[in-house]
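What follows is a single structure, written as structure tokens, with notes after it.
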Amino acid sequence: MSRKSEGALPHLDEVSKAIIEQLQQDGRRSYAAIGKVVGLSEAAVRQRVQRLVEAGVMQVVAVTDPMQLGFARQAMVGIRATGPLEPVADALAALDAVDYVVITAGSFDLLVELVCESDEHLLELLSSQIRTVPGVVATETFMYLQLRKQTYSWGVR
């Protein structure tokens, strides 16, 4: 999900926040069940969810552990870059093996998460794709050894 700072974020009322929380708990929860909790009809919940998705506020997806699906390597790559960071971030986001890109403050300009089929695939991505992106100056790779926690149920504010 891309979160670009193009304009203000949509205002979320308490009902929309409650719908989001219901889906964070169980993304398969029916619109009818959500409607009972938030006090709306099934059709009204469906419309709200559609508007939230179209506005980029949320996605409803299956979250997986790549290691359990046959991907042998997952890594976070810290990237130092020169010049405008947005074009570098966009070029990295376009790579198939990249599932997360953020522009950061700190010792790295960007953080990029990779999901790879093998060590050879990781090496090819680093050497032939990431390090050749214009503006990339240096990389540091952090190999994931074991996933201990991944959550998307942080609620809403």
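Where a number appears in this text, it was derived from the coordinates with a stated rule and is not lab data. Quantities reported herein were computed from a predicted structural model and do not represent experimental measurements. With ideal geometry, Cβ positions are generated from the backbone for all residues, glycine too; neighbour counts draw on all protein chains shown.
Okay, here's what the table says:
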item	result
Segment SER118-LYS17, length gained on full extension (0.36 nm per residue, minus Cα span)	32.3 nm
Mean-position separation - Cα centroids, the range 112-130 and the range 7-58, in angstrom	37
Sorted by Cβ density within 10 Å, fewest first, the residues MET76, MET143, MET58	MET143, MET76, MET58
Interchain or long-range residues, amide H under 5 Å from ASP109's placed H	ILE79, ARG80, ALA81
